[in-house]
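A quick write-up on the structure given underneath.
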Amino acid sequence: MLSHAEIGIDLGTANVLVYTKQKGIVYNEPSVVAMNMNTKEVIAVGLEAKEMVGKTPKDIIPIRPLKDGVIADYDITAQMLKVVLKKVSKIVGLSMRKPTVVVCTPSGSTTVERRAIHDAISSYGAKVVHLIEEPVAAAIGSDLPVDEPMANVIVDIGGGTSEIGIISFGGVVSCRSVRNGGDKMNNEIIQYIRKKHNVFIGERTAENVLMEIGYAHPNHTEQTMEVRGRDLVTGLPKTVVITSLEVYGALKESLEQILEAIRATLEDCPPELSGDIVDHGIVLTGGGALLNGMQEWLSDEIFVPVHIASNPLESVAIGTGKALKMISKLQKAAK
Ligand code: ADP
Ligand code: MG
């Protein structure tokens with residue numbers, strides 16, 4: 001007999017991941033949709049669409065429907081989800097009929113936004129759709145004992161948002177969501193190079209700079225990188241060399257803002273749970289956890305142990321998948 005599929009979806013601002021019980025992560029692509037604005041037709045979704053960013057003719061536009069952590073465009077989000085589910089059903093096969101789906105939503109999302117995600121997935125034929133908050137999914141995916149009465153602290157630094165949550169006994173005790181993450185850092189890099197070097201670089205170039213020579217603290221062996229963009233004076237292509245210390249300077253403010261949110265969340269923590277945090281520390285997930293020096297910098301700033309999840313880009317997706325088993329328990333705890 002075919003058991004019906006159980007799938008978990010991490011609907012991230014930068015990446016969408018899909019996890020199935022049988023096959024683990026079966027889909028992992030950027031949350032980008034390329035649309036023909038004249039016909040409103042979806043041209044591409046995922047990696048293919050992301051590769052078009054900054055390179056398409058005027059009427060084909062790459063859109064990131066979840067860019068700031070809120071669902072900027074319900075319609076495009078729904079269309080994107082449909083394409084993703086279709087791709088996944090090809091991989092998983094027949095058992096995709098009437099799946100049970102767990103979707104992770106940013107904790108700042110509103111009831112209306114959650115309803116929209118729920119409806120988009122239901123309309124694809126899902127039997128049951130559960131929504132789960134991002135910090136809870138990230139904690140489960142990082143193998144933290146979320147259903148025990150102890151503080152599990154998650155700091156998830158994504159593309160559009162960073163979410164900090166303290167979870168105990170299956171529920172969120174305190175959380176914060178800030179609209180700050182990889183996207184803002186990329187933007188700071190673009191602005192810096194524009195002001196300092198008079199060169200305008202694209203988003204994807206900025207992201208490469210962030211990943212290669214971005215640092216969370218200034219104490220590191222300095223590195224340099226060549227970047228290409230458009231000279232703002234001559235209008236011609238130009239290559240400039242930038243250093244990791246310059247990049248650090250550009251990122252500093254964004255990092256401070258995330259740090260402030262972490263501090264504020266820890267301050268909200270009930271005192272009985274504070275002891276757990278001193279002992280067990282916090283766990284970093286999301287792409288931002290991979291920024292060079294992040295772990296050392298944060299532990300110096302907040303004086304508690306900082307761990308990086310074993311696969312920070314996948315923790316939330318794995319958590320949504322594993323949450324299926326726990327969902328009834330979590331729902332009871334939330335009541
Ligand atoms: P979301 O959950 O919002 O979709 P992710 O957790 O998938 O986001 O993280 C994506 C973000 O992480 C992107 O902004 C990307 O630039 C950033 N990122 C990925 N890898 C690294 C890295 N090695 N160093 C710094 N930032 C990174
Ligand atoms: Mg995420």
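For a straight C-alpha distance cut-off of 14 angstrom, the aspartates and glutamates reachable from residue 127 (same-chain residues fewer than eight places away being disregarded) are 6, 119. Here the Karplus curve 6.51 cos²θ - 1.76 cosθ + 1.60, taken at θ = phi - 60°, turns the phi angles of the stretch 161-167 into couplings of 9, 10, 10, 10, x, 10, 10 Hz, with x standing for Gly and Pro.
Take the alpha carbon gyration tensor of the stretch 67-161, find the square roots of its eigenvalues, order them as a ≥ b ≥ c, and report rounded if a/c is under 1.5; if not, report prolate when a/b exceeds b/c, else oblate.
Details: a/c = 2.04, a/b = 1.38, b/c = 1.48.
Oblate, since a/c reaches 1.5 and b/c is not below a/b.
Note on exposure: 124, 27 ranked by accessible area (1.4 Å probe, complete protein assembly) read 124, 27, with the most exposed listed first.
Apply 1/(1 + (r/R0)^6) to the Cβ-Cβ distance of residue 128 and residue 86, taking R0 = 30 Å, and write down the FRET efficiency to the nearest 0.05.
On the way: r = 20 Å, r/R0 = 0.65.
The pair residue 128/residue 86 has a calculated efficiency of 0.95.
For the chain, DSSP calls about 70 percent of its internal beta bridges antiparallel. Computed from label points 7 Å out along Cα-Cβ, the spacing between residue 61 and residue 48 is 2.1 nm. Once the chain from residue 260 to residue 230 is taken as fully extended at 0.36 nm per residue, the excess over their C-alpha distance is 7.3 nm. Relative contact order, whole percent, for the stretch 176-271 stands at 31, derived from Cα pairs under 8 Å and 6 or more residues apart. Taking the alpha-carbon centroid of each part, what is the distance from the stretch 71-139 to the stretch 1-55 in angstrom? Cα centroid of the stretch 71-139 versus Cα centroid of the stretch 1-55: 11 Å apart. In percent, rounded to a whole number, the relative contact order of the chain is 19, using alpha-carbon pairs under 8 Å and six or more apart. Note on residue 169: accessible area is roughly 130 Å² with a 1.4 Å probe, heavy atoms of protein only.
For the chain, rounded, prolate or oblate, judged on the Cα gyration tensor with a ≥ b ≥ c (square roots of eigenvalues), a/c < 1.5 rounded, else prolate if a/b > b/c? Taking the square roots of the gyration eigenvalues as a ≥ b ≥ c, the chain is oblate.
Note on residue 19: accessible area approximately 40 square angstrom, rounded to 10, probe 1.4 Å, nucleic acids and ligands left out.
A 1.4 Å probe run over the protein chains yields, for the chain, 47 Å² of accessible area per residue, whole-number rounding. Span-like helix check, the chain: qualifying full DSSP H segments, with Cα axial length of 24 Å or more and mean Kyte-Doolittle of -1.0 or more, are 74-92, 244-267.
Entry note, the stretch 104-260: relative contact order of 15 percent, from Cα contacts under 8 Å with a spacing of 6+ residues. For the chain, set up a GNM with springs between Cα atoms under 10 Å and report which of 292, 198, 311 has the largest fluctuation. Greatest mean-square fluctuation among the candidates belongs to 198. Residue 150 exposes around 30 Å² of accessible area when a 1.4 Å probe is run over every protein chain in place.
Classification of the stretch 61-110 by its C-alpha gyration tensor yields an oblate form. The axis ratio a/c (a ≥ b ≥ c) is 1.5 or more, and b/c is at least a/b. Taking amide H as placed 1.01 Å from N in the peptide plane, residue 67 has its amide H under 5 Å from the amide H of 72, each at least 5 places away in sequence or on another chain.
What part of the accessible area of the chain, given as a whole %, is carbon or sulfur when the probe is 1.4 angstrom? Here carbon and sulfur together make up 52 percent of the probe-accessible area.
In what sequence, largest accessible area first, do 239, 105, 111, 205 appear using a 1.4 Å probe? Show your work: numbers first, answer last.
Details: 239 65, 105 0, 111 115, 205 45 Å².
If we order 239, 105, 111, 205 from most to least accessible, we get 111, 239, 205, 105.
The values are calculated or read from the model by the stated rules, or taken from the named source; none is laboratory data. The shown structure was predicted, so the numbers you read here are calculated from the model rather than taken from an experiment. Neighbour counts are summed over all protein chains in view; Cβ atoms, including those assigned to glycine, are modelled from backbone coordinates with ideal geometry. These accessible areas exclude ligands, DNA and RNA; they are computed on the full protein's heavy atoms, side chains included. Shrake-Rupley method; radii C 1.70, N 1.55, O 1.52, S 1.80 Å.
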